Amino acid sequence: MVMIERSLSGPSRTSLWVTGIWRKEKPWLAVILILLGLWMFDAGQAGQSLDLMLRQLASVAPFLAASVLIAAWANATGADGLIARAFVGAPAAMIIMGALAGALSPFCSCGVIPLIAALLVMGVPLAPVMAFWLASPLMDPAMFALTTGIIGFEFAVAKTLVAIGLGLFGGSVVHLLVKVNGLSAPLREGVGNGGCGGARVRSPQAPVWRFWHEPERLARLRREGVRTALFLLKWLALAFLLESLMLAYIPAERIVQTLGGEGLSPIVLATLFGVPAYFNGYAALPLIATLMEQGMQAGAGMAFLIAGGVTSLPAAIAVWVLVKPRIFALYIALSLIGAFTAGLLFQLWKLF
């Protein structure tokens, strides 16, 4: 009787297991359900979406692998404390270096996510990380050359300056908020113990470079690497799958064609449409160039490329699951303000 009462009053092992799986593996379950739904109602698109998701994952795999290995190695050796301490002191210099490094790095808005996760887990302060985060997806040597060839040298130079300026702006705002105790512990629970200064900076320990001689540190390397890789992989997979649906069912031309006209409204609309933009900067360049030739304001084109480059849908989802909601809101707000300001200033430059 007691056993029967327990089975009726409490959850079964199966229900607890299912609940645990749902809590931990919601992204994978969502991917499976979306693909099953597509297969039932649009089998052709199911294959295309799966193919795009896998190709996108493959494109960011080198960045993902490098960042996961660096984070796991730093955790196993204790070198994460040294790396984090390198960002302590001289906040202005660190923000400037973060913005410059971001503007020259070859990361897209999704490819930079694993590196940002590794830096925050190590305890690197949020201000220089945010500077790098905002500047990195906007410009790199290849993007500069392609932008020059498609839109023009002036536009490429302006976009480079915007990338650096947005990084400096975002890093400075975050630094001021940290000083007034407005931000702390940016990562979500279970992602890491980084933050503005980080526990590893507050309690530094001497690193153990030959960590492979200690079984516990080897186990930590494997555990941290697998945990971080799986966490990032499942959310990026869902993000890229959603990107494929937007590509299939919401043509890019339909969105961007609404951005014509004169005055301030095209820049505002370009900023708002650019935030959930689902194609990368390379794919957007020819489309923006064509629309500019047809009369679209140069400022609107700049605003669209900046907003879309920093906060494309896959990147926004990855940021959402990586940091706490208020950090995500700040990231979006900085992107919106930066994109609109860049578009407005570039338009004024073109006029005068």
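The values are calculated or read from the model by the stated rules, or taken from the named source; none is laboratory data. What you see is a predicted model, and the numbers here were worked out from it, not measured in a lab. Ideal geometry is used to build each Cβ from the backbone, glycine not excepted, and the neighbour counts take in all protein chains shown.
Taking every residue in region 120-135 that is in contact (Cβ under 8 Å) with a residue 60 or more places away in the chain and pairing it with any residue that is among the charged types (D, E, K, R) and assigned to a helix (DSSP H, G or I), at least 6 positions away or on another chain, the pairs with Cβ-Cβ distances below 6 Å are MET122/ASP80; GLY123/ARG200. Taking the condition at pLDDT below 90, in contact with a His (Cβ under 8 Å, 6 or more places away or on another chain) and farther than 26 Å from PHE240 by Cα, does ALA127 pass? It is true that ALA127 is at pLDDT below 90, in contact with a His (Cβ under 8 Å, 6 or more places away or on another chain) and farther than 26 Å from PHE240 by Cα.
Counted as qualifying within region 1-98 are the helices (runs of 4 or more DSSP H) with 3 or more residues that are surrounded by 11 or more Cβ atoms within 10 Å (Cβ to Cβ) and at pLDDT 60 or above, namely 26-41, 43-77. PHE107 falls short of the stated requirement of being modelled with pLDDT under 75, under 30 Å from VAL180 (Cα atoms) and not in a helix (DSSP H, G or I).
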